[in-house]
Amino acid sequence: MRRLSTFAAAGITASALLLTACGTNADTSSDEGSASASSGGSGDLKVALAYDVGGRGDKSFNDAAYAGLQEAKKAAEFESTEGEASTDEDEATRENRLRGFADDGYNVVVGVGFAYSESVNAVAPDYPDVNFAIIDGFDPDEEENANVAYLTFAEEQGSFLVGAAAALQTESDQIGFVGGVNNALIQKFEAGYVAGAKEVNPDIDVAVTYLEETDVSGFNAPDDGQAAATAMYDDGADIVYHASGASGAGVFDAATQADKFAIGVDSDQWQSASAEQKPHIMTSMLKRVDVATKDFIASVESGSPQTGYTTFDLKADGVGYSTSGDLLTADTISQLDGFKQQIVDGDIKVPTAP
Amino acid sequence: MIRRGFFSLLPAVVAVVLAMVVTGLVIALTGGSAGQFYSTILSVPIPRVSVTIVNQTAMIAISAFAAAIAFRMNLFNIGVEGQYIAGSCAGAFFAGSGLVAGPAVIPATLVVAVVAGAAWASIGGFLLVGRGVSEVISAIMLNYVALTMAGYLVNRYGVASGYTFTTNPLELNQQPVGFQVVDGPYQVWALAIIAVLVAIGYWVLINHTRFGFDLRASGASSTAAAASGVDAKKMTLIAMALSGGVAGLVWMPAFFGSVHKFGIPENFQSGLGFTGLAVALLGRNRSIGILVGSLLFAFLSAQSNDLQSVGVAPEIISITQGVVVLAVVVAYEIVRRLQIRREQESVARELASARPTAEEASR
């Protein structure tokens, strides 16, 4: 009997561990069926989006890429498909996904998220006729790839503006930042946010927390996000900015419960928030992944595909902030416009590392 | 004999079929196409995917053997995950440090990985023996500690690669050539052979050594084992260390075969520890069972990659894998009870028929 119970308990635990991986995506699987693999169109453009972990339905980064795809479809008719990374997959699986698209005749392949950098670098030379792009991507080696576009953003500039907004509207002179994963990309958000806040008030207190050191689960852990933000609100902060993907939902819940404010990221998160959350989402730092995706598809369509590095900054309206919900005061907005102009003119240099 | 083989195989087959049916039902209920799910999953894998399946099978199998060693001792080593992260991180740092030049780095790194994995597992072993801390609780916590610590070490002492950090990559003469089984830039990793060696080693150790006998005896009944002179504490420590040592090897095939550096998330594959636990249960801690179970899990994961293109979230395959494990555990328990009942009945029948004979003899 003892042997049975241990064995059975072990089985149930192991199954539960396996099943947790699918919890967040089960609810999105149904509507993906209707939208993906939609065909039609006459041109020879075929577009594939490869999402990172979380996929469509994160109300943030991946959804923005999907919005860009939909925008592009308004301008031109073409066939499209989507693929999504699963938790704990290896490089070979990512490469197989990209090769699968290329083998199926997709000539525009967009990797959504920097995690595709290595796999695109490995696959691209074998498919010279396919145009690859990586959102937030980079070239990991010295050899240049003639058919890869690296679409990067000046996140620090957008974060500077929401940092300034937080400093202008805080009542406690205490604000916070929750990062999903402690890597150089998310540190750009932190650096800009802190710099913007200090520009307004050099003495402001900015608490900084990262949910994970390196593991991408930090972008998909709403409970951790909520715990981190709740701690900051308890310590006296009244505005918390998150750059943590789907974990941000927890930050919004924390703001709602504490009756304080949060700042969204990537998309205009006020739009997708629940009715209870909306009064607490002060603004969102916009990272126009949709624009980058749409522009890249359009560049292939026009016959001169983008390649190499392209940075979407304030000047190009690649980053910015949202005003949905009217929680930013007119005074704040006018001051932010001033900062924006100074950044565009080069009078303010925003740091990219904390 | 045939009947016995039938009984040991049937539950596994039933479990797999049941799991596929359940997954199909879930997909159908959530508005997807179960038919497309089946045709995608059950299609014959193209060559490059086959190579991925073989490579993944090797890593999952090593992880499952690590778990099985502890299971045999009635220990639930849920810490395989943390132990192989510790082994991978330590091994990759060592290999990248340049302390050992040339191909000699391969055996040296394997030793470092084994030692690191064993050391990490021993923390839980000592806590259990010395302080009575459940190995499950300590291992779950140590998994998080290992993941965070590996991340911290790489961020702090690694080299920048894009937005993240990695250990120093292997030199070209330190990268063993794999097995070219299909055309194209896809190879079965050289060190996938570790899985075969571990499988043989496990079978010999458990079934043909005194240590293996002591291990099984302690697992079956710790009191009986103690009465016959087996030191339970020593056995616990050794089993945990051995389990962790094997766990340390899990990622080594990928490291030497294709990745060549350690860095989370791009240059590491996490989660194999949990997969290994499930596969050890599925394979009922037997060498052949574990190898077949590993192949099944690797096959399902690799085939799920194409699911999104037919409108099904690839994570759905976790349901299949979870149900397989649950169903196998339940099915074998049912078979075990049936067999016990049948044995009891046959014993009772023999006793009943034996009695008159005895009376006749006394007459």
>> Which residue fluctuates most in the GNM of chain B (Cα springs below 10 Å): B:GLU333, B:GLU171, B:GLU343?
In response: B:GLU343
> Ranked highest first by the average count of other Cβ atoms within 10 Å around their residues, in what order do B:237-246, A:207-216 fall?
Replying inline: B:237-246, A:207-216
>> Explain nothing, just compute: Karplus ³J(HN,Hα) = 6.51 cos²θ - 1.76 cosθ + 1.60, θ = phi - 60°, for every residue of region B:105-110 in order, whole Hz, x for Gly and Pro.
In response: 5, 5, x, 4, 5, 4
> What dipole magnitude, in Debye to the nearest 20, does region B:47-308 give about its Cα centre under +1 on Lys/Arg Cβ and -1 on Asp/Glu Cβ?
Replying inline: 540 debye
> Build a GNM of chain B with springs between Cα atoms under 10 Å: which of B:GLU135, B:GLU81, B:GLU345 gets the top mean-square fluctuation?
Replying inline: B:GLU345
>> Give me a comma-separated list of calculated 3J(HN,Hα) values for region B:38-44, in order, Karplus coefficients 6.51, -1.76, 1.60 applied at θ = phi - 60°, integers in Hz, x for any Gly or Pro.
In response: 5, 5, 6, 5, 8, 5, 6
>> Taking amide H atoms as placed 1.01 Å from N in the peptide plane, list the residues 5 or more away in sequence, or in a different chain, whose amide H sits under 5 Å from that of A:ALA243.
In response: A:VAL178, A:GLY179, A:GLY180
> Considering every residue in B:43-51, what mean count of other chain Cβ atoms within 10 Å of its Cβ is obtained?
Replying inline: 2
> Taking the Cα centre of the protein assembly as shown as the origin and placing charges on Cβ (Lys, Arg +1; Asp, Glu -1), which of B:HIS208, B:LEU29, A:GLY236 is farthest toward the positive end of the dipole?
Replying inline: B:HIS208
>> With the cut-off at 1.5 for a/c, could you classify region B:47-308 from its C-alpha gyration tensor as rounded, prolate or oblate?
In response: prolate
> From the Cα gyration tensor of chain A, with a ≥ b ≥ c the square roots of its eigenvalues, which class applies: rounded if a/c is under 1.5, or else prolate if a/b is larger than b/c, or else oblate?
Replying inline: oblate
> Which value in deg cm²/dmol, rounded to the nearest 500, describes the helix-derived mean residue ellipticity at 222 nm for chain B, given -39,500 (n - 2.57) per DSSP H run of n ≥ 4 and division by the residue count?
Replying inline: -24000 deg cm²/dmol
> Dipole of region B:178-324 (Lys/Arg Cβ +1, Asp/Glu Cβ -1, origin at the Cα centre): which of B:GLY248, B:SER294, B:ALA190 lies farthest to the positive side?
Replying inline: B:GLY248
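Considering every residue in A:91-102, what mean count of other chain Cβ atoms within 10 Å of its Cβ is obtained?
6
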> Angle, helix B:80-96 long axis vs. longest principal axis of chain B, Cα atoms, 0 to 90°, nearest 10?
Replying inline: 30 degrees
> Between region B:253-275 and region B:145-208, how many Å separate their Cα centres?
Replying inline: 6 Å
> Sorted by mean Cβ packing within 10 Å, highest first, what order do the peptides A:346-352, A:110-116, A:179-185, B:9-15 take?
Replying inline: A:110-116, A:179-185, B:9-15, A:346-352
> Which peptide among B:82-90, B:312-320 comes first, and what is the full order, when sorted by highest mean count of other Cβ atoms within 10 Å?
Replying inline: B:82-90, B:312-320
> Of A:GLN169, A:VAL109, A:PHE138, which is farthest along the charge dipole of region A:108-184 in the positive direction, counting Lys and Arg as +1 and Asp and Glu as -1 at C-beta?
Replying inline: A:GLN169
> In whole Hz, what ³J(HN,Hα) sequence does region B:306-323 give by Karplus (6.51, -1.76, 1.60; θ = phi - 60°), x for Gly and Pro?
Replying inline: 8, 5, 4, 5, 9, x, 10, 5, x, 4, 4, 5, 4, 5, 4, 5, x, 5
>> Need the C-alpha centroid separation for region A:279-354 versus region A:177-255, integer Å.
In response: 20 Å
>> Taking the Cα centroid of region B:11-33 and of region A:48-73, what is the distance between the two, rounded to the nearest whole Å?
In response: 29 Å
> Can you list residues whose amide H is under 5 Å from A:PHE312's amide H, if they're 5+ apart or on another chain and H is modeled 1.01 Å from N?
Replying inline: A:THR152, A:PHE153, A:ALA154
>> My understanding is that a pair violates if its Cα-Cα distance is over 26 Å; which of A:LYS46/B:LYS261; A:LYS260/A:LYS294; A:LYS59/A:LYS260; A:LYS73/A:LYS349; A:LYS46/A:LYS340 do that in this structure?
In response: A:LYS46/B:LYS261; A:LYS260/A:LYS294; A:LYS73/A:LYS349; A:LYS46/A:LYS340
>> Charges at C-beta only: +1 for Lys and Arg, -1 for Asp and Glu. How large is the resulting dipole of the protein assembly as shown about its Cα centre, in Debye rounded to 20?
In response: 4460 debye
> Roughly how tilted is helix B:287-304, in degrees to the nearest 10 and between 0 and 90, from the longest Cα axis of chain B?
Replying inline: 50 degrees
>> Check which residues have an amide H placed less than 5 Å from A:SER284's amide H, if you skip close sequence neighbours.
In response: A:GLY264, A:SER322
> Rounded, prolate or oblate: which fits the protein assembly as shown, taking a ≥ b ≥ c as square roots of the Cα gyration tensor eigenvalues, rounded meaning a/c under 1.5, else prolate when a/b beats b/c?
Replying inline: prolate
> So what's the net charge close to A:GLY113: Lys and Arg +1, Asp and Glu -1, counting the other residues with Cβ under 10 Å from its Cβ?
Replying inline: -2
> Assuming R0 = 41 Å, what is the FRET efficiency of A:THR311 and B:ASP231, from their Cβ-Cβ distance, to the nearest 0.05?
Replying inline: 0.05
> What does the charge dipole of region B:169-298 about its Cα centre add up to, to the nearest 20 debye, if the Cβ of each Lys and Arg holds +1 and the Cβ of each Asp and Glu holds -1?
Replying inline: 480 debye
> Tally Lys and Arg at +1 and Asp and Glu at -1 over the other residues with C-beta under 14 Å from the C-beta of B:PHE65: what net charge comes out?
Replying inline: +3
>> Using helices alone, I'd like the mean residue ellipticity at 222 nm for chain A: each DSSP H run of four-plus residues gives -39500 (n - 2.57), total over residue count, nearest 500.
In response: -13500 deg cm²/dmol
>> Just to confirm the number: angle between the C-alpha axis of helix B:272-282 and the first principal axis of chain B, 0 to 90 degrees, nearest 10?
In response: 20 degrees
>> Which of A:SER304, A:SER267, A:SER324 ends up with the largest GNM mean-square fluctuation for chain A, with Cα atoms connected below 10 Å?
In response: A:SER304
> What's the FRET efficiency of B:SER221 with B:ILE200 using the Cβ-Cβ distance as r and R₀ = 35 Å, to the nearest 0.05?
Replying inline: 0.80
>> As an exercise, identify the GluC sites (Glu not before Pro) in region A:59-136 lying in DSSP coil whose Cβ has no more than 12 other Cβ atoms within 10 Å.
In response: A:GLU77
>> Let me confirm one metric for peptide B:176-185, namely the mean number of other chain beta-carbon atoms within 10 Å of its residues' beta-carbons.
In response: 1
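All of the numbers you see were taken from the coordinates with simple rules; none came from a lab. Keep in mind the model is a prediction, meaning the values are calculated, not measured. When we count neighbours, we look across all protein chains shown, and the Cβ atoms used for this are built from the backbone with ideal geometry, even at glycine.
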